[in-house]
Each structure stands twice: as structure tokens, then as C-alpha cells.
Amino acid sequence: MPNSLQIHLSADPHLIPEKTIVLELAEASKFSYIVGWIIYKLTKSDNITKSHSEFEAINIHLMILNSEQVVYEEDIQSQTTNVVSGQEFLEFMYKMESLVLLLFEKHKEFGPNILQYIHNSLLCNISLLEAFNTLLNISSQMLSMDKLKDTNFLYERIVSIYMRNYLKKETPFSEEAISKGQIFVEK
């Protein structure tokens, strides 16, 4: 249950962007890489997710919706694992990004609390939650297994890791720009 600060710092849970964003090829490639990185983090390096009682099922669901590509470079004897986003998962993340961009329009009202506002709004957005549950239904059907018992946990981890990415990006929404009040949203 959200606390009073979360309720105060969240948007209408029924908020739906008019359109899902469409990115140019170069930006779409970067976005796909970020989505793959989120999946990689959830399945390989996020200790919170790895310690969850349903981690094995979470991993199976995520990997049926996405794929891994292991590249071995002989000359430097190095192995790299890339996660390639599946179409359904990528579409879900495009919906999330579209909602994030819409929520950023409130940057003047929330100032340095804008990322908390967006994070809380994503967690309670009914349309995005429905899209996520549809995604898990697809993976459950593909696997012929039951849906995860704790779907909220996985949803919250995806949102949290995705929002952390905004702090690292060199964008007008970076932590430094927010603290200096230099946030702007291009329309």
C-alpha cells in the first residue's frame, strides 16, 4: 500500500499517453540496449531479485520473453553476454517510456522531486500494470506454467532499475540537471 508521500507524489493512476513513442533507428537501438541491460541486471546481477524466493521463475519468464547472445572474442579471450529484447517486452517498455515522457511535463511543479513523482506514478499506473500482466500471461502461455505469484515484485524491480537509468543518462533529467533546476522537456 502506498504511503501518503507516495500518493502525494504520484499522478492519476488512469493516465495514458495519447501515443506510444516512435524512435529513430539510432535512438531505438540505444533504447533496445537499455531494455536488454535491465533484463540482464534482473537475471544476472541484481541481488534483490536474485534473493527473491521466485527468482528461478522470474528468470524463466524473462528469458522466454527475451534472448541471450553470448559473444566470445578469441583475440582478447573475452566473453560478453548481451540480452536481446523480445518484441512484446520491448513494446511494454516503449509504453513505459511514453508515460515517463508525459509525466516529465510536471517538472516545474515537482522540481527536484520529479523522479520520485515519476517512479511513484509508474508503480500505480493501471494501464501499465495491465500491460505488464498481459506480458506475464504471454510468457506463462509460452511456458505452459502458472503466472508468478508475486508479480508486483518484478514490476517494481523493472520500474526501479529503469528509473535509476534516468539518473545515469546524460539528459536534461540527470540528477545534476535536476538539482540545478535545469530540467526541460522537449515537445
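Only Cα pairs under 8 Å and at least 6 apart count here; give the relative contact order of region 24-179 as a rounded whole percent. List each step's numbers first, then the result.
Details: 130 pairs, mean separation 35.0, N = 156.
With pairs under 8 Å counted, the relative contact order is 22 percent.
Using DSSP to define loop residues, name the trypsin sites (Lys or Arg not before Pro) in region 81-164 whose beta-carbon has at most 11 other beta-carbon atoms within 10 Å. Mind dumping the intermediate values first?
Numbers: sites: Lys95, Lys106, Lys108, Lys147, Lys149, Arg157, Arg164; in loops: Lys147, Lys149.
Answer in residue order: Lys149.
Rounded to whole Hz and in sequence order, give me ³J(HN,Hα) for region 133-148 from the Karplus expression 6.51 cos²θ - 1.76 cosθ + 1.60, θ = phi - 60°, writing x for Gly and Pro.
Calculated HN-Hα couplings, in order: 5, 4, 4, 5, 5, 4, 5, 5, 5, 5, 8, 6, 9, 5, 5, 4 Hz.
Cβ under 11 Å from His61's Cβ, His61 left aside: what net charge do those residues give with Lys, Arg +1 and Asp, Glu -1? Don't skip to the end; give the middle numbers.
Values: positive: Lys147; negative: Glu54, Glu56, Asp146.
Local net charge: -2.
Computed from the coordinates by the stated procedures, all read-outs in this text should not be read as laboratory data. Being a predicted model, the structure only gives us computed values, none of them experimental. Ideal geometry is used to build each Cβ from the backbone, glycine not excepted, and the neighbour counts take in all protein chains shown.
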